[in-house]
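I have placed the structure first, in the form of structure tokens, so that the comments after it can refer back to it.
The values are calculated or read from the model by the stated rules, or taken from the named source; none is laboratory data. These numbers were taken from a predicted model, which means no experiment stands behind them. For neighbour counting, all protein chains shown are included, and Cβ atoms are generated from backbone atoms with ideal geometry for every residue, glycine included.
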Amino acid sequence: MKYFSTIIILLTGLTLSANAQMRVGYMDPQTVLDNLPEKEAIERQLNRFLDGREAEFEEQSIEFQNQLARFQQEAPNLSEEETRRRQQELQQMDQELEQFQMRVQRELEQRQAELLGPILQEMNTVIETLARDMDLDYVLNEATSEGEMFLLFVSDGGKEHYDLTDRVIARMLN
């Protein structure tokens, strides 16, 4: 009897939760970012950073190319020991170029996170507020981080009522 009562209670709970309607909204964070005036200033700052690093990388890369060309010209006349030493120097220069590229990439990502962090924090706050105001259970990202569509179909009524993108933009611009 106890076992039977437990099953009835579980089945009743499952039925009630299945009948509860889940409300889901969605948005496109990239569209929000693209519509914010701060985006241009952030892009300019990141481009200035990259321009400076690019010039530095190009300078080192040209030096490497010159050393490599000189080695290739002189290689037939070099001793084995001198050939090994110069090859090691070239390998070291190549590794330094790779490390420089990786360091610049990390610095760029860090700068981007620093500049976008407050905006993304504000966006999350606005999304949370809108979700509560609209009594939504979930808010989904319209696309994956690779740009692939996450939502395969949204009805016209769903677009009108549950797409938060324009609402988030409006609140963030105020």
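Of note, residue 31 satisfies the criterion of being touching a helix residue (DSSP H, G or I) at 6+ places or on another chain (Cβ under 7 Å), on the phi < 0 side of the Ramachandran plot and either among the hydroxyl-bearing types (Ser, Thr, Tyr) or modelled with pLDDT under 85 (or both). List pairs: first in segment 40-52 and within 13 Å of residue 112 (Cβ to Cβ), second among the aliphatic types (A, V, I, L, M), Cβ under 7 Å, 6+ apart or cross-chain? Every condition considered, the pairs that remain are 42/115; 42/116; 45/115; 46/108; 49/108; 50/108.
Taken over segment 46-80, the residue count meeting the criterion of being loosely packed, with under 11 Cβ neighbours inside 10 Å and of a type in the set (A, V, I, L, M) is 3. Within segment 84-109, how many residues turn out to be in contact with an Asp or Glu (Cβ under 9 Å, 6 or more places away or on another chain) and not charged (D, E, K, R)? Residues in segment 84-109 being in contact with an Asp or Glu (Cβ under 9 Å, 6 or more places away or on another chain) and not charged (D, E, K, R): 3 in total.
Let's see how each residue does on (1) of a type in the set (D, E, K, R); (2) assigned to a helix (DSSP H, G or I):
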{"position": "65", "(1), (2)": "no, yes"}
{"position": "70", "(1), (2)": "yes, yes"}
{"position": "85", "(1), (2)": "yes, yes"}
{"position": "92", "(1), (2)": "no, yes"}
{"position": "99", "(1), (2)": "no, yes"}
{"position": "102", "(1), (2)": "no, yes"}
{"position": "108", "(1), (2)": "no, yes"}
{"position": "120", "(1), (2)": "no, yes"}
{"position": "140", "(1), (2)": "no, no"}
